[in-house]
Every structure is written in C-alpha cells, then in structure tokens.
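We did not get these values from a lab; they are worked out from the coordinates using the rules stated. Computed from a prediction, not measured in an experiment: that's the story for all the values here. Cβ placement follows ideal geometry from the backbone for every residue including glycine, while neighbour counts extend to all protein chains displayed.
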C-alpha cells in the first residue's frame, strides 16, 4: 500500500454494493402479490421484511467485529453469498410463511448485514476529512436501490394472479443470481488504509477538552462505548428516526393502493421507486449538510421534517399526489439517519473500531425494524377489518410524529463523551 491509492474507487464500489443491498426496501412491492398468491393478510406478508431487518442487524454486529479484524473483502463476499442464497431459497419456499422468514428474512437479512457494514467502515477510514459527505455517498445506493428494484420486481411479477406462482419463483431466482455476481464482485475492491494514513493536505484535529477541562477520548473500544450515556441517547435517537422511515417504506405500496388508487398516475412500485430516490439523495444531502452545520442541528432538522410529513401529508390522505409527497418527504429525511449515525459514531467513538461500534449502534435500526412495522401493520389491519383503513394510517402517523418530538429532546441533551464519563 506504499503507492498512492485512488480512494474514490472504494466509494464507487460501495455504491454498486449498496444498490443491490437496497432490495430490502422493495419488499412492499412483493406484499400484494404474495397476499393474493398465498391468501395471506398484512401481518403475514410483512413478516419476512421484519425478519430481514432484525437479522440485517445481527449480521451487522458480527460483521463489524469481524471486518475490523479480517478486513472488508472477505466479510463483504460472505454477505453477498448469503444474500444471493437467501433469494434463491425464497424461490422454492415462498408459499410458506416460515420458509420466507428463513430464506429472505434470516439468510438474506444476514447477508445484507454482513455486506452493508463493509463499505461504510472502509470509506470512513479512507475519508476522515469528510465523514458526513462520504458516508452519505457510501449508503446512497442502499436508499436508492428501490428506484431500480421496485419497478423491476413489479415488472417481473406482472399483474396476472394466475401467473403469480411462476413469476414469484422467477423473480427470486433472478435477484439471487444478480446479488451473487454484483455484491461479491464489488467486495473484491475494498481494502483498509495503511497504519497512520491521512489524506494529503489534511491535519487531524487536536484532542478536544470539555468545559470542565476533561480530555475527550479519541478512540473507544465497544465495551468502553457501552459505558457512556451518549451511546444510549444515540441508540434511541436512531430508533425513533428509523421508526418513521421504515414504517412508511413497509406501507408504501399498500397505502397507495388502499387510499389513493383512484387518483394514481403511476403504479405503487414506481411510487416506491421515487420514494427511494429521495431516500438515496437524502443520505448525501443530510450527510454533507452535517459537515457544515453539525450533526446535532442536522438531526433536529430531520426530525422536524418528519413531523411535518406525518401530520400534514400522511394523515388524512385523499389523493395520490398527497401520498407520494408524504412518502418522498419521509424518504428524504429517513435517508439522513443512515448517513448521520455512522458519522456520529465515528465522531464520538473514533474510526479505529467504527465497524464494531456502529454495528452495536445499528441494533437500534434492527430492533425498530422488527417491532415497529409489525406493530403498526396490526393497527392498519384492525382498521381495515373494521371497514375504515384510513383510521389505521392516521393513528400510525400521529403516533410516529410524537416519537419524533422525543427524538428532538434527546438530540438537544447530547454531547461528546469525555474520559471522565
């Protein structure tokens, strides 16, 4: 590694890998088709999505520790293999709820978790001079993945219920092969910088002190991080920030079909694709903004944008335009959390152990993804069974707005940990 390395190649590889991993956000396109093919209801069709999110997190934790020791190439390759195998298995297990939970949810989710952490940890180490911007770029593909995959999956599935058995199998097979090739291929490019690396012309900031004179520690091991109260504040900020975005993503296609189908000018899959584009752009935009105005001010602004979308756009939906606007605003703000939290983790706890540390912080995302969408899916299903599905969606987004208020309070009290804490 003595020769000069073009560090931007790691960002390009990250984008390719994350575009593939972003297929997770396209699950709501599968839901109506699987419900018709298997005679399932909402809580059943969202179950594989919930399992994929929680095992995504489990994979992140193990991969974070593993890649800090063995490097990103091996870990990313294992992730690509698991994701591809999960989709291939789903092609033959889609008629079983537990079969889909195991194949797409557990195996595929683990694969995404193993692969997802590698480009983030790699790019953070190569770009200490612009963490927010580069993490935003590195995860942009994950958020924008549905821009490609949602319309593609919708096209492959078709709209003929008599053909769903065949098209579901074909779709999972195509996805599985694509992920084996693209994710494993992108992983081969990743490498860690040499010891003592710093970008040309960049000087690391001097160790900071608190107002009481305590020196702020530069590097925290995972066990040390867990002893700081800031970790738990960050964890709940991430949980609340994830709740709105992950719920809206899981409900996007059903919401459009149930409340705005009469005025729709495009398919639900296309609408989800547009939402994902805003999700992807939000990761870069909010990440770059945080490099200029700070992580705390940016995160407060993202919560405020969430509140506006939940209260004024996604409650009392009466038209496709209103629904799409709400989903896009939520997607844009949600994308920021996936850029902000790795940067927060590196800022507060150092870049040396960022893979392992962020894997632990990321449990907020996974636990939220397992609990929150399922909870609100039951509320919407109960309202649907009672004859007024809009009531369920209104209750969902009013509750989520309240969670955002709590998130703002937590951000206001947050501060960087010091040696004395």
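Computed values, structure above
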item	result
Peptides ranked, highest mean first, by Cβ atoms within 10 Å: ranges 116-127, 264-275, 312-323	116-127, 264-275, 312-323
Largest-first ellipsoid semi-axes for the stretch 300-393, taking √(5λ) over the Cα gyration tensor eigenvalues, angstrom	33, 17, 8
Residue order, fewest to most surrounding Cβ atoms within 10 angstrom, among 299, 167	167, 299
Fraction in percent of alpha-carbon pairs per bin - 10 Å, the stretch 233-281	24, 43, 24, 8, 1
Expected 222 nm ellipticity per residue - DSSP helices of 4 or more, -39500 (n - 2.57), all of the chain, to 500	-25500 deg cm²/dmol
Simple spin-label estimate for residue 8 and residue 415 in nanometres, 7 Å along Cα-Cβ	4.1 nm
Two-decimal Rg to Rh for the chain - Kirkwood Rh, Cα set	0.97
Neighbour-count ranking [beta-carbon atoms within 10 angstrom, fewest first] of 200, 35	200, 35
Geometric extent, Cα atoms of the stretch 353-421 - Rg, Dmax (angstrom)	17.4, 57
Against the rule of thumb 2.2 N^0.38 Å, how large the Cα Rg of the stretch 1-115 comes out	1.21
